[in-house]
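Here the structure is laid out as structure tokens; the discussion comes afterwards.
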Amino acid sequence: MSSGDKLFDRLLNRQTPTLSAVVDSPVVPGVGLQLHLDGEAQVTHLTGPLRHLLAQQLSTTRTPHLLDYLLPHSALAVEGLPADWQGQLLDLDFFSLAGPPLHLRGWVQPLGDGWVLQLLDIGDLLSERRQAHSREQCQWLAAQIRDHLRLCGLARLPQVLGEQLQCLSQRFQVPCLAVALLDEETEGWQIHQHYSAPDAPQLWDTAQRLGTGLDSLNGAAPQRVLPAEHPRLSSVFGPAEGFAVPYRDAHGVAAWLLFGCFSTQPHTADLNDHDWLQLAAAVAAPLLERLREHRHHLQLERLEILQSLLGTGWWEMFSDSAQVLLADALAVSLGLSAGRLPIQDWFARVHPADREELRSRLQALQDEGQPLELCVRLQPDDQAQPQWFRLQGQSLGIGAERRLVGFMLDISDIKNQQQQAAAAHARLDNLIASAPAVIYVQRYVEGALQPTFFSASLQPLLGWSLADCADGALVNHVHPEDRAAYFERTRQLLREGSVSTRYRMLDTQGNVHWLLDEAKLLRDDLGLPVEAVGLWLDVTDATLAAERIKTSEERYRILVEDSPAMICRYRPDLTLTFGNRPLAMYLECAPEQLPGVNLGSWMSNEQREAFVERLAQLTPDAPVSSAEINLRLPGREHAWWIWSDRGVFDEHGRLLEVQAVGRDNTEVRRSQQQLTQSAKMATLGEMATGLAHEINQPLNVMRMAIVNVLKRLSNGDVQIDYLTDKLNRIDAQVQRAARVVDHMRVFGRRSEIEQHPFNPLDAIEGTLSLLSEGLRGKGVELRIGEANFQVQVRGYVDQLEQVLINLMVNARDALLSKRESNRDFQPWIGVRAEHDEHVVRLWVEDNGGGIEPRLLERIFEPFFTTKPVGVGTGLGLSVSYGIVENMGGRLSVRNGDDGARFCIELPIALDDQITSVARPD
Ligand code: ADP
């Protein structure tokens, strides 16, 4: 007998009946179903309460057969005829009007000429059997799930959970499954993980929020809940059917297992609520445990990272054993061993200065539970810099359970920064206090700025203090004329955020200070003004100096503009950059037209070369040079300017610009020339006597020759040779006279404008051609030194002749006047020339007795003469002096052994200064 049969017996309340007993039992018309059959198993009659449930499959036109009532698989059990079935238990499934088949068990008994099939309902029995089986399965499944979830690695947990959900889905044919856990943050429920069968729509998403709807079921439903019964669940299930199973732990419902399905009813009928709760627990309990484990693990990791990042760590003190336990990282960083160690070891790392305090505070923590908070220095080893730690500690628990724990935080960075900031602050304070400027802060109050701070430099500068500025009194210290400017400064500061201006302030003595005020406005996050920070710099000296410079510049400008002198600036290439009015007037243009004009354009090539040459001599050490320059100006033949140049140099000594002042010297020049000319004429006049003699001499020679020739002609004694000789002599004398006259003409002419190079020996020769005959005629011996050289000097040859003539005429006068008193006197005049590398010297001396020493320094003065009125003019030496000087030379005199000795010293013109035209062949 199977276990199912035993259950059947129990259900029927029988004492282990035998099969024969069963089949012999009488027909009970009020119980179950009785089918009356004929010998062919055709149903003749139906009785019993179950007959109303039967559904007959075939038409009612013929007598129904037993098979017409049976589900096809049951037809196998009733093969043959009723007589064959006697003594057998028949389990038959009938079509039922209610839908599910009717499970009936029974036997056949003969009745009259037919048979009766007595049947009883065994549907409940079967379902109970199935349930017991399913429960067994369910328990086995739960154990499986629990094991899988418990034993898998943490990393595989999601995958294993998914697999278990899939397994449940397949086992119970529930297409959608999900585990919902409480989300601690939102305190609502959240899908932790879900599974959807491949052909099912996805009901839930991972991390989907379910709200707090499930909470309301907590107390009311320790078991399976259906959406239909709890309308709040419909939001969780949406369009699907299904149910939710809670998992409870010590704190209440900790998880829900959600089962969702669609049209077809899941095969869940075999399980009861307890089974479902068991399944939910199988999933949720290990899952929650693993998640807690995971969280704990993460927290530990975080704590460790935090400790190592912050240089911090916990400590715990065991006062009974005088030991301390430090977090591993902390122990390592302090160079201590891990695990418990004597407190003394820990104290040994604390800086001696902090050790006693720490000890006493730890004692207070231990004795009175007074929380500990202390900053101490710790030294990991002897060499290292001590590090600052914040040490905090608390006592936890009471009595024997009491623990002393705390943590240490490395705050060296903060401490160092604090120290640096303090040092910087001190430096800044010092700087502000010793600043040459006054630093101030003004607070913004309802549109006005009120002083709230002045640096200490205010007192020495202005004598008043912050207190003197209360209630808007600052403006009283502003110079009355500048108050409007001060208010405008405040307005501009508020409007534009910064200002830089200067105004005058009065100190306590009433002295005026020019202050440069530079201020900036600071605003808060909303852009509203908070305060102005600024500084006052005393710029009195600079301001006054600038004013002085301005006025002096103005004066200088007026001076330059109004000066009668020509003032200009020009570049080294002679281009003017500025010229004043007088210069413009000379150049016949407006002052504005001067810049750009080239000064050289008014000079001859020679002049310009000499000018540029002179500029080239300027150096930063000798930046000034003067000269008389000669220009050809528009509308004027020649102009002489006394010109003074000052070079302006850059740091490399290169000439940048020349500033020049000039004065017109043309008139002076002209008078000088006229003077020279008149002096020359005077010389000529004086020489007229000599000249007459000079010309008479050849005339006499010619007359004698002509007289002699005429005498010979009248005698008829004329030879060609004699005649030729006489005529040649006459010709020579004519030439001699012509030379004298020619030279006179040349000498009488005005001097050239420009200087030319010439050999000074030419001047000596010219002079002698004029004077030698006359002097000899007067009995004066000429001692002419031998000289033959080719050096050149620059100037005017006729003017040098004039100087020589003057000197020789003066010598002659001195000699003749001496001979008047001494008839035996032998007068002579010496003329000689010599030169060295740089200068040529021409000497004119006589034996006239010299010049009285006290007159020596006066003889070059104009109009100084010792000669009788009408004889001397007193101009000869002064003009000569001017001529020699004009040629760059010097005329000097001293008394020699016999008489006066004059020396003309002239610079030799260098070869490259001699133009090709003037260079002698
Ligand atoms: P002037 O000949 O018309 O007097 P100068 O200027 O030529 O004017 O000479 C000035 C003076 O210098 C002369 O009057 C004379 O006294 C003196 N003097 C010039 N040359 C000689 C000389 N060789 N010996 C003596 N006295 C001289």
_Looking at Q139, Q118 in this structure, which one is surrounded by 13 or more Cβ atoms within 10 Å (Cβ to Cβ), polar (S, T, N, Q) and touching a Gly at 6+ places or on another chain (Cβ under 9 Å)?_
Q118
*Out of all the residues in region 86-102, is one or more open to solvent by 80 Å² or more (accessible area, probe 1.4 Å) and of a type in the set (A, V, I, L, M, F, W, C)?*
yes
*Has region 436-456 got any residue that is assigned to a helix (DSSP H, G or I), in contact (Cβ under 8 Å) with a residue 24 or more places away in the chain, open to solvent by 20 Å² or more (accessible area, probe 1.4 Å) and touching a strand residue (DSSP E or B) at 6+ places or on another chain (Cβ under 9 Å)?*
no
_Here is a check on your reading of the model: is V803 in a helix (DSSP H, G or I), β-branched (V, I, T) and at pLDDT 90 or above?_
yes
*So, in region 281-324, of the ones that are of a type in the set (V, I, T) and over 43 Å from the mean Cα position of the chain (by Cα), which residue ends up nearest to Q363 (Cα to Cα)?*
V324
*Of the numbered conditions (1) away from the ligand (no atom under 13 Å from the Cβ); (2) in a loop (DSSP other than H, G, I, E, B), T866 fails exactly one; give the number of that condition.*
(1)
*Within the group L257, L271, L217, L288, which residue is open to solvent by less than 40 Å² (accessible area, probe 1.4 Å), more than 30 Å from P100 (Cα to Cα) and modelled with pLDDT under 80?*
L217
*Within the bounds of region 495-503, is there any residue that is assigned to a helix (DSSP H, G or I) and at pLDDT 90 or above?*
yes
*Checking D124 against (1) open to solvent by 80 Å² or more (accessible area, probe 1.4 Å); (2) in contact with a helix residue (DSSP H, G or I) (Cβ under 6 Å, 6 or more places away or on another chain), which test does it fail?*
(2)
*Taking region 392-411, which residues are touching a residue at least 40 places away in the same chain (Cβ under 8 Å) and either within 14 Å of C375 (Cβ to Cβ) or basic (K, R) (or both)?*
G393, R403, G406, F407, M408, L409, D410
*Considering every residue within region 590-597, establish whether at least one is closer than 18 Å to R632 by Cβ, touching a Gly at 6+ places or on another chain (Cβ under 7 Å) and part of a loop (DSSP other than H, G, I, E, B).*
yes
*Which of the residues belonging to region 627-675 are β-branched (V, I, T) and touching a Cys at 6+ places or on another chain (Cβ under 9 Å)?*
V658, V661
*Output the number of residues of region 340-394 satisfying the condition of being open to solvent by less than 70 Å² (accessible area, probe 1.4 Å), basic (K, R) and under 21 Å from Q419 (Cβ atoms).*
1
*Spot the failing condition for V324; the list is (1) farther than 16 Å from Q193 by Cβ; (2) touching a helix residue (DSSP H, G or I) at 6+ places or on another chain (Cβ under 6 Å); (3) in a strand (DSSP E or B); (4) open to solvent by 30 Å² or more (accessible area, probe 1.4 Å), and only one is missed.*
(4)
_Positions within region 330-339 being farther than 19 Å from Q385 by Cβ and either modelled with pLDDT of 90 or more or open to solvent by less than 10 Å² (accessible area, probe 1.4 Å) (or both), in sequence order_ = A331
*All positions within region 552-580 that are within 51 Å of the chain's Cα centre (by Cα), part of a helix (DSSP H, G or I) and not aliphatic (A, V, I, L, M)*: S552, E553, E554, R555, Y556, R557, E561
*Please enumerate the residues belonging to region 613-623 that are within 16 Å of W641 (Cβ to Cβ) and more than 48 Å from the chain's Cα centre (by Cα).*
R614
*asked:* Of the residues V709, V734, V797, only one is under 26 Å from F860 (Cβ atoms) and modelled with pLDDT of 85 or more; which?
replied: V797
*Do the conditions hold for R654, that is, is it exposed (fewer than 15 other Cβ atoms within 10 Å of the Cβ) and at negative phi?*
yes
_Qualifying positions in region 71-95 - in contact with a Leu (Cβ under 6 Å, 6 or more places away or on another chain) and at pLDDT 85 or above_ = P82, L92, D93, F94
*Out of curiosity, is Q420 out of contact with any helix residue (DSSP H, G or I) (no Cβ under 8 Å at 6 or more places or on another chain), of a type in the set (S, T, N, Q) and assigned to a strand (DSSP E or B)?*
no
_Against the condition touching a helix residue (DSSP H, G or I) at 6+ places or on another chain (Cβ under 9 Å), over 30 Å from Q673 (Cβ atoms), open to solvent by less than 20 Å² (accessible area, probe 1.4 Å) and among the aliphatic types (A, V, I, L, M), how does V780 come out, does it pass?_
yes
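Condition check ((1) surrounded by 19 or more Cβ atoms within 10 Å (Cβ to Cβ); (2) more than 9 Å from the ligand (Cβ to nearest atom); (3) on the phi < 0 side of the Ramachandran plot) across all residues:
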{"residue": "L816", "(1), (2), (3)": "no, yes, yes"}
{"residue": "R819", "(1), (2), (3)": "no, yes, yes"}
{"residue": "V844", "(1), (2), (3)": "yes, no, yes"}
{"residue": "R854", "(1), (2), (3)": "no, yes, yes"}
{"residue": "P862", "(1), (2), (3)": "no, no, yes"}
{"residue": "G872", "(1), (2), (3)": "no, no, yes"}
{"residue": "L877", "(1), (2), (3)": "yes, no, yes"}
{"residue": "L891", "(1), (2), (3)": "yes, yes, yes"}
{"residue": "A909", "(1), (2), (3)": "yes, yes, yes"}
*Being within 12 Å of the ligand (Cβ to nearest atom), surrounded by fewer than 22 Cβ atoms within 10 Å (Cβ to Cβ) and among the aliphatic types (A, V, I, L, M) is the filter here, so list the residues in region 786-813 that pass it.*
V809
*So which residues in region 480-496 are surrounded by fewer than 15 Cβ atoms within 10 Å (Cβ to Cβ) and either in contact (Cβ under 8 Å) with a residue 40 or more places away in the chain or under 31 Å from the mean Cα position of the chain (by Cα) (or both), if there are any at all?*
R495, E496
*Name every residue in region 821-842 that is in a strand (DSSP E or B), more than 11 Å from the ligand (Cβ to nearest atom) and within 30 Å of A909 (Cα to Cα), in order of residue number.*
G830, V831, R832, A833, E834, H835, V839, V840, R841, L842
*asked:* For region 338-356, give me each residue that is farther than 19 Å from V405 by Cβ, over 51 Å from the mean Cα position of the chain (by Cα) and of a type outside the set (D, E).
replied: Q344
*asked:* Restricting to region 893-903, name every residue that is touching a residue at least 40 places away in the same chain (Cβ under 8 Å) and either more than 10 Å from the ligand (Cβ to nearest atom) or open to solvent by 10 Å² or more (accessible area, probe 1.4 Å) (or both).
replied: V893, N895, G896, D898, R901, F902, C903
*Taking E885 and the conditions (1) in a loop (DSSP other than H, G, I, E, B); (2) surrounded by fewer than 18 Cβ atoms within 10 Å (Cβ to Cβ); (3) not hydrophobic (A, V, I, L, M, F, W, C), which numbered condition does it fall short on, given that it satisfies the others?*
(1)
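The values are calculated or read from the model by the stated rules, or taken from the named source; none is laboratory data. These numbers come from a predicted model, not from an experiment. Heads up, the Cβs are rebuilt from the backbone with ideal geometry, glycines too, and the neighbour counts pull from every protein chain shown. Ligands, DNA and RNA are stripped out before the accessible areas are found, and what is left, the full protein with its side chains, is counted by its heavy atoms. Shrake-Rupley method; radii C 1.70, N 1.55, O 1.52, S 1.80 Å.
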